[in-house]
Amino acid sequence: MKYIDLLKSHQMYGTTSEDIKIHRGYEEILENVVIAPWWNHDMFESEGFKVTQVSEKVYNFYRDDLSFSFVELKRIGAPGIMDFILSLGVTKCKNLVFLGSAGSLDENIKIGDIVVPEYSICGDGASRYLNENLEDELFKKEYPSKEFTDKLINILKEEDIKYHNVPNFSTDTVFAQFYHMDKILKEGAKTIEMETALLFKSNELLNINVTAMFCISDNTIVNKSLYSGRTEEENEYRHKVRNEVIPNIIIKLFSK
């Protein structure tokens, strides 16, 4: 399957590329794009940008040296973000950074740490819709764009910021994942979240520069889950990294 095949299938039922763009509020998407399932665009508010709200979910940031779009989805999971990612193929988007939270599956990856996924192991059902015959994708590895990810990692090194470049697992459920944790760990995953296997597989069709960055929100291995166990200090540190450290990294990534 190619991206043009998806567009042709829309055309068969009366939908044009322009219709897709308008429906998603993507008419003014810029070349650099941040997409976030849940984080707010105001994480960049202290960086001196002029901000224009383009649509319900899209904000454009402008500064003399840089401009980018922020897609604030307010929804999670591969099915929830899939249409928004695929719709970027009818826009000017060339560089895409995914920002989100992830759980740690390693005692050495702490709450608040930054993770750049080496690859994501598919645990979602949505990815099969990117296969011609709906073949299952379970446990397949999907990779970000190498050069763009290397560029991100080099910035983290230059800024002397602690990070982890590890295998990730993309799940469809938080509640039920614990029952399958032994299998997930056997696959080699060091972190777990819900979207990036689908994101990376989508890029086989989009063919743009795509990478991802997580801030660790919880750690199942040491009994600090989303449901219990986290301290106030850990949560404060996580918010500091998310709101102060990560925006600076994104700006440097788009600027270089």
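Overview of values
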{"read-out": "Extreme residue, surrounded by the fewest Cβ atoms within 10 Å (Cβ to Cβ), among residues of segment 128-151 that are over 15 Å from the mean Cα position of the chain (by Cα) and of a type in the set (S, T, N, Q)", "value": "N133"}
{"read-out": "Residue that is modelled with the lowest pLDDT, among those in segment 154-166 that are within 17 Å of R242 (Cα to Cα) and among the aliphatic types (A, V, I, L, M)", "value": "I161"}
{"read-out": "Flag if D83 is surrounded by fewer than 20 Cβ atoms within 10 Å (Cβ to Cβ), under 19 Å from L30 (Cα atoms) and out of contact with any Pro (no Cβ under 7 Å at 6 or more places or on another chain)", "value": "yes"}
{"read-out": "Residue selected from segment 200-256 under the condition aromatic (F, W, Y) and in contact (Cβ under 8 Å) with a residue 12 or more places away in the chain, by the criterion nearest to N95 (Cα to Cα)", "value": "F254"}
{"read-out": "Some residue of segment 214-234 being within 20 Å of E45 (Cα to Cα), surrounded by 21 or more Cβ atoms within 10 Å (Cβ to Cβ) and in contact with a helix residue (DSSP H, G or I) (Cβ under 6 Å, 6 or more places away or on another chain)", "value": "yes"}
{"read-out": "Members of segment 126-138 found to be in contact with an Asp or Glu (Cβ under 6 Å, 6 or more places away or on another chain) and either part of a loop (DSSP other than H, G, I, E, B) or closer than 21 Å to S101 by Cβ (or both), listed by number", "value": "S127"}
{"read-out": "Yes/no for L185 being surrounded by fewer than 18 Cβ atoms within 10 Å (Cβ to Cβ) and at positive phi", "value": "no"}
{"read-out": "Matching residues, segment 238-256, being surrounded by 17 or more Cβ atoms within 10 Å (Cβ to Cβ), out of contact with any helix residue (DSSP H, G or I) (no Cβ under 9 Å at 6 or more places or on another chain) and over 15 Å from W39 (Cα atoms)", "value": "F254"}
{"read-out": "The one condition in (1) free of Cβ contacts under 8 Å to residues at least 12 places away in the same chain; (2) of a type outside the set (S, T, Y); (3) in contact with a Cys (Cβ under 9 Å, 6 or more places away or on another chain) that V33 fails to fulfil", "value": "(1)"}
{"read-out": "Any chance S145 is under 21 Å from L105 (Cβ atoms) and of a type in the set (S, T, Y)", "value": "no"}
{"read-out": "Within segment 1-22, tally of residues that are part of a helix (DSSP H, G or I) and at pLDDT below 95", "value": "0"}
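Residues are listed down the side, and each one gets a yes or a no for (1) within 17 Å of M194 (Cα to Cα); (2) over 15 Å from the mean Cα position of the chain (by Cα):
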{"residue": "E31", "(1), (2)": "no, yes"}
{"residue": "F49", "(1), (2)": "no, yes"}
{"residue": "R63", "(1), (2)": "no, yes"}
{"residue": "E72", "(1), (2)": "yes, no"}
{"residue": "R75", "(1), (2)": "yes, no"}
{"residue": "V90", "(1), (2)": "no, yes"}
{"residue": "L105", "(1), (2)": "yes, yes"}
{"residue": "D124", "(1), (2)": "yes, no"}
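The values are calculated or read from the model by the stated rules, or taken from the named source; none is laboratory data. Predicted model only: the values in this text are computed from it and were never measured. Positions of Cβ are backbone-derived with ideal geometry, glycine not excepted, and every protein chain shown enters the neighbour counts.
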